Amino acid sequence: MCGVNATIAVLKTIADANGGIVTTEEALRAGTNRVTLKRYADKGVLTRIARGQYTMTGFVPDEFTLLQSGSENLVYSYGSAMYFWGLSDRTPHIFEFSVPQGYNTSRIKERDPNIRFHYVKGSLHGIGKTTCRSPQGGNVILYDREPSLLIVPGMSKKMKSSLTSVSFNTV
C-alpha cells in the first residue's frame, strides 16, 4: 500500500509542476508505467483529458497549459503572446500558435477549433522563445515581447481589431 501512496504523490508533484497536467511521458520518466496510469484512471484517481494527458481527479487544469501540452512545437504567438505580456486587455477567444512549416496540426484542429496556426520557417521557429506564467499559474511557451510587437504591423485588420489597448510604452 505504501507504493501506491508514493506513486500518487509522484503524480501529484508532476501535476503541481505542470499546471495540473500529468503527461504519460513525464509519468514514465518518474518511474510509473502505462498500466498504472490506466488503472488509476479506471479507479478515478486520475482523469484522462486527452491522449497521453491526465489530471488528478477533481483538479481543473490550466487551460493555457493544457492547449500547449503534448507538443513542444506549439509556441503562443501573435495576439495570444501579447495577452500574456500584458499588451492586450482581452483574453483571447482564438488561441494563436506558431509552428514549424510542415508540422501536422490536424489532430489539434480536430480537438479544438478555436486555435489558429501560423507556420514559421523551421530555422526561425526557436528564435525568441521563452516561458512565462499564465494567469492560471501554469508555464507556457511563447515568443518574447519584441517578436510579438514586430508582427503587429503585418497583422490583418481583423486580427488587429481583436487586440485592444496595446501599449508599446510598456515594453
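The values are calculated or read from the model by the stated rules, or taken from the named source; none is laboratory data. The model shown is predicted, which means the values in this text are computed figures rather than measured ones. Positions of Cβ are generated from backbone atoms using ideal geometry, with glycine treated the same way; all protein chains shown enter the neighbour counts. Areas reflect the complete protein model, heavy atoms only, side chains present, ligands, DNA and RNA absent. Shrake-Rupley method; radii C 1.70, N 1.55, O 1.52, S 1.80 Å.
The residues on offer are Arg48, Arg29, and the sole one that is among the basic types (Lys, Arg) and within 26 Å of Pro135 (Cβ to Cβ) is Arg48.
Is it fair to say Ala30 is out of contact with any Gly (no Cβ under 7 Å at 6 or more places or on another chain) and buried (at least 18 other Cβ atoms within 10 Å of the Cβ)? Considered against the rule, which asks whether it is out of contact with any Gly (no Cβ under 7 Å at 6 or more places or on another chain) and buried (at least 18 other Cβ atoms within 10 Å of the Cβ), Ala30 comes out as no.
Within segment 100-141, being surrounded by fewer than 16 Cβ atoms within 10 Å (Cβ to Cβ) and among the charged types (D, E, K, R) holds for Arg107, Lys109, Glu110, Arg111, Asp112, Lys121, Arg133.
Each row is one residue, and each column tells you yes or no for (1) part of a strand (DSSP E or B); (2) on the phi > 0 side of the Ramachandran plot; (3) touching a Pro at 6+ places or on another chain (Cβ under 6 Å); (4) at pLDDT 85 or above.
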| residue | (1), (2), (3), (4) |
| --- | --- |
| His118 | yes, no, no, yes |
| Ser123 | no, no, no, yes |
| Gln136 | no, no, no, no |
| Ile141 | yes, no, no, yes |
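Please verify whether Lys43 is touching a strand residue (DSSP E or B) at 6+ places or on another chain (Cβ under 9 Å), modelled with pLDDT of 90 or more and open to solvent by 80 Å² or more (accessible area, probe 1.4 Å), treating the condition exactly as stated. Considered against the rule, which asks whether it is touching a strand residue (DSSP E or B) at 6+ places or on another chain (Cβ under 9 Å), modelled with pLDDT of 90 or more and open to solvent by 80 Å² or more (accessible area, probe 1.4 Å), Lys43 comes out as no.
With a requirement of 3 or more residues that are of a type in the set (A, V, I, L, M), the helices (runs of 4 or more DSSP H) lying completely within segment 1-104 that satisfy it span 2-17, 34-43. Of the residues making up segment 26-68, those that are of a type outside the set (A, V, I, L, M, F, W, C), more than 30 Å from Thr91 (Cα to Cα) and without any contact (Cβ under 8 Å) to a residue 12 or more places away in the chain are Arg29, Asn33, Arg34, Lys38, Arg39, Asp42, Lys43.
Pairing each residue of segment 6-17 that is open to solvent by 50 Å² or more (accessible area, probe 1.4 Å) with any residue that is part of a helix (DSSP H, G or I), provided the two are 6+ apart or on different chains, yields C-beta distances under 9 Å for Val10/Ala27; Ala17/Glu26. Annotation note: Cβ proximity below 8 Å between a residue of segment 101-120 that is acidic (Asp, Glu) and a residue that is at pLDDT below 90 and buried (at least 16 other Cβ atoms within 10 Å of the Cβ) (sequence gap 6+ or interchain) occurs for Asp112/Leu67. Across segment 47-65, what is the total count of residues that are at positive phi and open to solvent by 30 Å² or more (accessible area, probe 1.4 Å)? Of the residues in that region, 1 qualify.
Considering segment 51-70 alone, what residues qualify as being touching a Leu at 6+ places or on another chain (Cβ under 8 Å) and more than 16 Å from Gly138 (Cα to Cα)? Hit for segment 51-70 is Thr57, nothing else.
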